[in-house]
Each structure stands twice: as structure tokens, then as C-alpha cells.
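A.B. asks: Quick one: the structure is below, and I'll ask about it shortly.
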Amino acid sequence: MANERVVGVLLAAGIGRRYDPSGARLKLLAPAPAGPQAGQPLAAAALRNLRAALADVVVVVRPAATEPQRRLHELLAAEGAPLVVCPLAEAGMGHSLACGVRARPDADGWLVALADMPAISARTIAAVRDAIGRGHATAAPVFRGQRGHPVGFGRVCRDELLALTGDAGARSVLAAHPPHPIEVDDPGCVLDIDAPTS
């Protein structure tokens with residue numbers, strides 16, 4: 001399988017309630033505190049890192065019903081990313097993930113990344129991409145015993161991914177197809193931003 005057929009799916013449809021319970025600040029617009037894109041908005045940093053290793057990346061967003069969400073759409077569109085609007089994003093990550101896969105149903109694999117993880121190295125992303133390209137059903141990086149992101153899914157998982165709903169993400173798929181572990185020296189693959197850094 002050619003690696004060009006492995007598509008990146010960046011999940012950027014969350015609200016980030018743990019980041020700001022009031023909802024006044026959208027986490028994905030906050031500056032990344034670490035990684036090669038430090039200082040850039042979280043979502044843009046995560047997108048750029050993913051695109052450094054993947055030729056095709058789609059970004060799943062919720063409808064632009066608020067000013068911060070409209071700004072996020074504009075930011076990501078300015079980066080040249082195809083946006084996939086998930087009308088049921090509020091119902092959970094499973095819906096968003098299915099929307100992303102549905103946008104590229106003929107791909108040979110999908111790498112699912114989270115937009116609040118701005119410090120994953122391109123080398124880690126490429127290693128997961130290559131594992132899926134070699135035919136693993138799923139794959140994920142592991143840093144010091146902790147499974148990280150992005151998580152790769154081969155074509156064998158497509159129907160299961162398309163059927164996802166609710167807030168459990170892809171747990172059921174990963175339970176059926178345990179990820180091939182890729183040992184990496186990349187703390188960024190386990191660093192997500194849940195609280196303001198300033």
C-alpha cells in the first residue's frame with residue numbers, strides 16, 4: 001500500500017470544557033506551549049505537524065455557531081485544510097471520527113490525531129503511517145509505556161469506524177484490533193492540553 005493513501009484525520013470538534021468550563025475561551029485557539037509550532041494556535045500546530053508526514057489531511061469541526069468556532073474555521077481554512085463539518089459533534093467523539101473517515105472512505109488507512117496535541121513529532125506520525133502502510137490493522141506510538149497519538153487504522157477497520165457514535169471514540173475498534181505498538185522517544189505524543197498555561 002502506498003503511504004499517500006493513508007489520510008490524516010484531525011479531530012477539532014471538541015469544546016474543551018476542562019480547559020474553560022465557562023466556554024468563553026476556545027481551547028483550540030490558545031497558543032501551543034510546546035513543540036515545533038510553539039506559540040501557534042493549538043489546532044494550527046497540530047495540523048502542521050500532521051501535514052509534515054501526510055499528503056492528505058482533513059479536519060473535523062463542529063458547526064460554526066459561535067464567534068470562537070467561526071474563528072477556528074477561518075484559521076484552519078487559511079491553513080488550506082479541507083474542513084469536514086460534523087453536525088452531531090456535540091454527541092461525542094465517535095460521531096466526529098466517523099465523519100472524518102466518511103470524508104475519505106476510499107483511503108487505505110487513516111491516522112486519527114487530536115487538535116489539542118500540538119507537540120507530536122513528524123517522525124512519530126510517519127512511523128504510525130508506515131506501520132499502517134505495512135498492513136497493520138491498527139498502530140499507535142508508545143512513550144515510556146504510555147500509548148499515545150496519533151492512532152492509525154487500516155482499511156480493515158473502515159466499516160467499524162464509519163459505524164462509531166457517542167463519546168467512546170474508537171475504543172471498540174481498538175479492543176477488536178489491538179494497536180501495533182511503536183516505541184518512540186517523543187513526549188509530545190502523550191501531551192495534550194487540558195488546562196490554560198497562563
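Residue by residue, here is whether (1) among the basic types (Lys, Arg); (2) farther than 23 Å from ASP167 by Cβ; (3) at pLDDT 95 or above holds:
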site: ASP56; (1), (2), (3): no, yes, yes
site: VAL61; (1), (2), (3): no, no, yes
site: GLN69; (1), (2), (3): no, no, no
site: LEU76; (1), (2), (3): no, no, yes
site: ALA81; (1), (2), (3): no, yes, no
site: VAL84; (1), (2), (3): no, no, yes
site: LEU97; (1), (2), (3): no, no, yes
site: GLY100; (1), (2), (3): no, no, yes
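A.B. asks: If you scan the stretch 73-96, which residues turn out to be under 11 Å from LEU47 (Cβ atoms) and either among the polar types (S, T, N, Q) or buried (at least 21 other Cβ atoms within 10 Å of the Cβ) (or both)?
C.D. replies: LEU76, ALA81
A.B. asks: Something else: Under the condition of being part of a helix (DSSP H, G or I) and of a type outside the set (Gly, Ala, Ser), which residue from the stretch 28-53 is farthest from ALA119 (Cα to Cα)?
C.D. replies: This residue is LEU29.
A.B. asks: Restricting to the stretch 97-124, name every residue that is surrounded by fewer than 23 Cβ atoms within 10 Å (Cβ to Cβ) and among the aromatic types (Phe, Trp, Tyr).
C.D. replies: none
A.B. asks: Go through the stretch 165-198 residue by residue and tally those that are within 21 Å of ARG102 (Cα to Cα) and at pLDDT below 95.
C.D. replies: Of the residues in that region, 8 qualify.
A.B. asks: Continuing with this model, one more query. So ASP106 clears everything in (1) free of Cβ contacts under 8 Å to residues at least 12 places away in the same chain; (2) touching a strand residue (DSSP E or B) at 6+ places or on another chain (Cβ under 8 Å) except one condition, right? Which one?
C.D. replies: (2)
The values are calculated or read from the model by the stated rules, or taken from the named source; none is laboratory data. Quick caveat, the model's predicted, so the values are computed rather than measured. Counting neighbours? That spans all protein chains shown, and the Cβs are built from the backbone with ideal geometry, glycine included.
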